[in-house]
Amino acid sequence: MQSLLVFGRQPELGIAEVESLYGANKLLPLTDQAALVDVDPCLLNFDRLGGSVRFCKVLTKLPPQDWPSLKQFLIEIAPKQSVNMPAGKMYLGLSLIGFKLSPKEINALGFKLKQAISATKRPVRYIPNKSLMLSSAQVIHNKLLSTNGWELVIIKTASSIVIAQTIKVQDIAAYSKRDYGRPKRDSQVGMLPPKLAQMIINLAAGRLPEDLSQSICDIPPDQLVPFKTIDKVVLDPFCGTGVLLQEALLMGYKVYGTDLNQRMVDYTNFNLYEWLLPKHPEIEANIKTEIGDAKSHVWQQPIDFIASETYLGQNFNQIPAPGILDNELKKTNQMISKFLKNLAPQLKPNSRLCLAVPAWQIAPNQFRYLPLIDQIPALGYNRVSFKHTGSDNLVYYRPDQIVARQLLILTRK
Ligand SMILES: C[S@@+](CC[C@H](N)C(=O)[O-])C[C@H]1O[C@@H](n2cnc3c(N)ncnc32)[C@H](O)[C@@H]1O
């Protein structure tokens, strides 16, 4: 059985993340919003994906057809599905991608499906659509992920119609706790969203070893998935308040963080030892931190890969005058180039890195990038390219943000 992922606000980042973990050949983009992944849904590790918002199992693929025929097909299969469910009320939802339909037309189908299921004497509640997709909150709060829930995600492409069932949606509340719940935060060094931290780690980690896969299908829904440690050390040379290290520990990695500023190293230690670990007794304290200037520091071995949001420079609330921006660009470019030159001889050949570096949004969707991007080989690295998305468009930003984060995925030559 195949998995299906629906990507977040910036699908290119979600695509690169999944391609990095599972390999280009396992990924088949269906639309710019969703892709099939040739991994058994029992084995796909959705919780570590920052760039995917919905995780589904594929139920069937149909040849292209018009809306009336598709409706008829669904009306025929819905009662059969309900027969296999535990007794009790069924919860039904519909989310569509690639269709040009109004919520009214989707709801008309929803009520027809409800009628067809009710005819089998099964009580059923249909969650009406306000738009083509139900929101994550609608999916969670209306029991669509329970054993009696059935949210169908239906995707139309030029060559097929894919029908899938939602297994999980991104747990917004959990991300929020991991972000705003941390005792030591510092708006001066910026706030790395945990979702972005996950993407940086996944892009840096590269292919997941096969033996890491554990079937979530054998675990009863009321039990936690057993925690697995991964015998690899992730280095963040700009660890700040430790968001990236926190997410790496939650994924099972050993972590190593350094920062120029003693206060930041203290914040990282406090957040990890006093806040994260007490809440997660399953995580071993495989943590190393020390003060260090990334331009000259000698890190302790072993280091398996580098995942970091580097120094982003000054925060701007409005587009700075050209002279000021030129200065800022020069300053950060120099700093990050020196860091990369210092790091290169300390890494094993082919070691992988993902660095979030600053890019400046000077007009909507138009960026100025660090000049070092054009000198990667001279700095001792190769740029990683992706089959299903460009490596130039991996920029994480909000429309109103001046300082964006460009994700640079590199390997040591
Ligand atoms: C944007 S924050 C990084 C956030 C961090 N990755 C996290 O997960 O919370 C940048 C950090 O770089 C540090 N920094 C600035 N210049 C540095 C240098 N030359 N060497 C090491 N750290 C530096 C700052 O003290 C700051 O904590």
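The values are calculated or read from the model by the stated rules, or taken from the named source; none is laboratory data. Remember, predicted model here, so these are calculated numbers, not experimental data. Positions of Cβ are generated from backbone atoms using ideal geometry, with glycine treated the same way; all protein chains shown enter the neighbour counts.
A few notes on this one:
Residue-wise test of (1) away from the ligand (no atom under 12 Å from the Cβ); (2) in contact (Cβ under 8 Å) with a residue 40 or more places away in the chain.
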position	(1), (2)
161	yes, yes
165	yes, yes
172	yes, no
184	no, yes
197	no, yes
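- Residue check: residue 267 meets all listed conditions (1) away from the ligand (no atom under 13 Å from the Cβ); (2) not in a strand (DSSP E or B) but one, namely (1).
- Take the conditions (1) part of a strand (DSSP E or B); (2) modelled with pLDDT under 95; residue 78 misses just one of them, which is (1).
- Checked against (1) under 19 Å from residue 264 (Cα atoms); (2) modelled with pLDDT under 95; (3) away from the ligand (no atom under 15 Å from the Cβ), residue 315 passes all but condition (3).
- Count of residues meeting criterion [of a type in the set (Phe, Trp, Tyr) and surrounded by fewer than 20 Cβ atoms within 10 Å (Cβ to Cβ)] in segment 350-370: 2
- Failed item in (1) touching a residue at least 60 places away in the same chain (Cβ under 8 Å); (2) outside any helix (DSSP H, G or I), with residue 281 passing the rest: (1)
- Residue 400 under 29 Å from residue 28 (Cβ atoms) and of a type in the set (Asp, Glu): no
- Here the condition is being closer than 30 Å to residue 390 by Cα and touching a helix residue (DSSP H, G or I) at 6+ places or on another chain (Cβ under 8 Å); of 74, 28, 5, it holds for 5 alone.
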